[in-house]
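Trainee: My questions all concern the structure below.
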Amino acid sequence: MVDSDGVINLQAVPRSMVVVGAGVIGMEYASLFAALGTKVTVVERRPRMLDFCDEEIVESLKYHLRDLSVTFRFGEEVAAVEKHRSAALCVLRSGKKIAADTVMYSAGRQGQTDDLALEAAGLTADHRGRITVDADYRTTVENIYAVGDVIGFPALASTSMEQGRLAAQHACGEPARGMSDLQPIGIYTIPEISFVGKTEEELTDASVPFEVGIARYRELARGQIVGDSYGMLKLLVSPEDGRLLGVHVFGTGATEIVHIGQAVMGCGGTVDYLLDAVFNYPTLAEAYKVAALDAANKIRNITRIDT
Ligand SMILES: Cc1cc2nc3c(=O)[nH]c(=O)nc-3n(C[C@H](O)[C@H](O)[C@H](O)COP(=O)(O)OP(=O)(O)OC[C@H]3O[C@@H](n4cnc5c(N)ncnc54)[C@H](O)[C@@H]3O)c2cc1C
């Protein structure tokens with residue numbers, strides 16, 4: 001039975017593994033071991049996984065992992081794990097039993113604040129060891145700042161570094177622009193997932209109209225060269241002014257190419273920039289042009305009906 005620290009000390013690839021928790025780390029290891037041939041079962045208490053990601057992209061990942069024999073048990077909770085000589089036995093609250101060589105526990109991280117005697121400094125932490133901060137990463141005590149995992153979501157190395165820089169600037173009285181709203185998320189599953197901006201679900205919930213432009217890697221020369229037949233890039237575009245509202249990528253190099261969309265969004269660019277730009281050929285970046293054309297065509301078709 002291991003967590004994400006212990007898993008790197010495994011001496012052999014397990015034949016079977018139960019991953020408890022379908023968060024980012026759980027899914028990264030589930031896909032890694034599935035690719036190595038391990039029979040993986042993912043148990044998740046919630047009805048779906050990675051619920052902050054675009055649903056279509058998560059569906060693509062699930063399809064891909066099922067193809068590698070991964071079994072998903074959503075809406076299920078692990079009640080007990082029995083350690084036997086030959087294997088571990090996971091007992092779910094529903095009564096199901098799953099035997100596995102290895103059980104990996106990845107059901108959330110805790111702030112390591114228990115032994116810090118926070119109360120001596122006038123601070124407290126919540127039930128998961130997290131400390132509350134304001135927009136400048138200052139705690140309720142004026143001269144104490146906190147950044148990184150200990151302040152909670154998104155708990156990434158990328159954001160934590162920036163939080164640290166901003167906190168230091170604020171503490172030293174240096175002017176700073178604050179954290180950008182456009183924080184990319186990178187998930188190193190196989191295939192990778194990355195996105196920036198809003199998801200379809202968020203826009204729908206907020207009644208913000210959008211059009212979807214999709215490029216499939218298999219339609220791109222570079223996609224065919226790298227043999228990626230499943231990858232896709234999806235743009236969410238405002239039909240009103242062409243602004244990019246979200247960029248979602250699944251497949252080879254997703255965590256790299258998302259930054260093109262981030263730059264366009266961050267500089268206030270619209271889909272027109274991508275329509276008019278010439279991209280190197282053959283590249284995966286070309287997906288932006290294909291997706292932009294797809295979105296623009298759909299918007300134009302609707303405009304023609306409207307007029
Ligand atoms: C398996 C895994 C994969 C990840 N992959 C990614 C990824 O791909 N991309 C990404 O952006 N993020 C990733 N993350 C998240 C990233 O690692 C964290 O968000 C980041 O490390 C947070 O930085 P931090 O400084 O807040 O905490 P940490 O990196 O945990 O640093 C805290 C340090 O404080 C030390 N410490 C604790 N208590 C004390 C004490 N009392 N006295 C002195 N020292 C103490 C600890 O030993 C540790 O070295 C991953 C995390 C995990 C677990």
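Trainee: If you roll a 1.4 angstrom probe over the protein chains with everything in place, what fraction of the accessible area of the chain belongs to carbon and sulfur, to the nearest %?
Mentor: 51
Trainee: While we're on this one: Dividing the Cα convex hull volume of the range 24-87 by residue count, how many Å³ per residue is that? Don't skip to the end; give the middle numbers.
Mentor: Values: hull volume 5.9 nm³, N = 64.
Spelled out: Cα convex hull of the range 24-87, divided by residues, is 92 Å³.
Trainee: Compute the Cα gyration tensor for the range 109-166, then decide on rounded, prolate or oblate, letting a ≥ b ≥ c be the square roots of its eigenvalues: rounded whenever a/c is under 1.5, prolate when a/b is larger than b/c in the other cases, and oblate in all that remain.
Mentor: Oblate, since a/c reaches 1.5 and b/c is not below a/b.
Trainee: Can I ask one more? Rank these residues by their accessible area, most exposed first, probe 1.4 Å: Cys90, Cys267.
Mentor: Of Cys90, Cys267, the descending order of accessible area is Cys267, Cys90.
Trainee: Could you sort the peptides 111-120, 93-102, 50-59 by per-residue average Cβ neighbour count (10 Å cutoff), highest mean leading?
Mentor: 50-59, 93-102, 111-120
Trainee: Now a separate question. Once you list every other residue whose beta carbon is under 15 Å from the beta carbon of Val78, what net charge do they have if Lys and Arg are +1 and Asp and Glu are -1?
Mentor: Within the 15 Å Cβ shell, the charges total +2.
Trainee: Could I ask something else about it? Using the crude model of +1 on Lys and Arg Cβ and -1 on Asp and Glu Cβ, and no other charge, please compute the dipole size for the range 154-307 relative to its Cα centre, in debye to 20. Intermediate values should be presented prior to the final figure.
Mentor: Working: 12 positive and 19 negative charges, 58 e Å.
Once rounded to the nearest 20, the dipole reads 280 debye.
Trainee: With +1 on the Cβ of every Lys and Arg and -1 on the Cβ of every Asp and Glu, and nothing else charged, how large is the dipole of the range 126-175 about its Cα centre, in debye rounded to the nearest 20?
Mentor: Rounded to the nearest 20 debye, it is 140 debye.
Trainee: Here is a follow-up. Would the chain count as rounded, prolate or oblate if I go by the C-alpha gyration tensor, calling it rounded below 1.5 in a/c and otherwise prolate when a/b exceeds b/c, oblate otherwise?
Mentor: It comes out oblate by the Cα gyration axes.
Trainee: Ignoring ligands, DNA and RNA, what accessible area per residue does the chain give at 1.4 Å, in Å²?
Mentor: So the chain comes to 54 Å² accessible per residue, rounded to a whole number.
Trainee: In debye, nearest 20, what is the charge dipole magnitude of the chain about its Cα centre with +1 on Lys and Arg Cβ and -1 on Asp and Glu Cβ, if you could check?
Mentor: Using Cβ point charges on Lys, Arg, Asp and Glu, the chain gives about 1140 debye.
Trainee: So which DSSP H runs in the chain come out at 15 Å plus along the axis (Cα) with average Kyte-Doolittle of at least 0.0? Walk me through the numbers on the way to the answer.
Mentor: Numbers: long enough: 24-35 (17 Å, 1.38); 55-67 (18 Å, -0.88); 157-171 (21 Å, -0.53); 254-266 (18 Å, 0.86); 287-306 (29 Å, -0.12).
What comes out of the filter, once short or polar helices are dropped, is 24-35, 254-266.
Trainee: What number results when the radius of gyration of the range 1-148, computed over Cα atoms, is divided by 2.2 N^0.38 Å?
Mentor: The range 1-148 yields a ratio of 1.26.
Trainee: For the range 153-193 and the range 13-55, what is the separation of their C-alpha centers, rounded to whole Å?
Mentor: 26
Trainee: Separate question: In deg cm²/dmol, rounded to 500, what helix-only [θ] at 222 nm does the chain give when every DSSP H run of at least 4 residues adds -39500 (n - 2.57) and the total is split over its residues?
Mentor: That comes out to -9000 deg cm²/dmol.
Trainee: Note down the net charge around Gly164, summing +1 for each Lys or Arg and -1 for each Asp or Glu among other residues with Cβ under 15 Å from its Cβ.
Mentor: Net charge around Gly164: -2.
The values are calculated or read from the model by the stated rules, or taken from the named source; none is laboratory data. Worth saying up front: this structure is predicted, and the values here are computed from it rather than measured. Quick reminder, even Gly has a Cβ in these numbers, built from the backbone with ideal geometry, and neighbours come from all protein chains shown. Just so you know, the surface numbers come from the protein's heavy atoms only, side chains and all, with ligands and any DNA or RNA stripped out. Shrake-Rupley method; radii C 1.70, N 1.55, O 1.52, S 1.80 Å.
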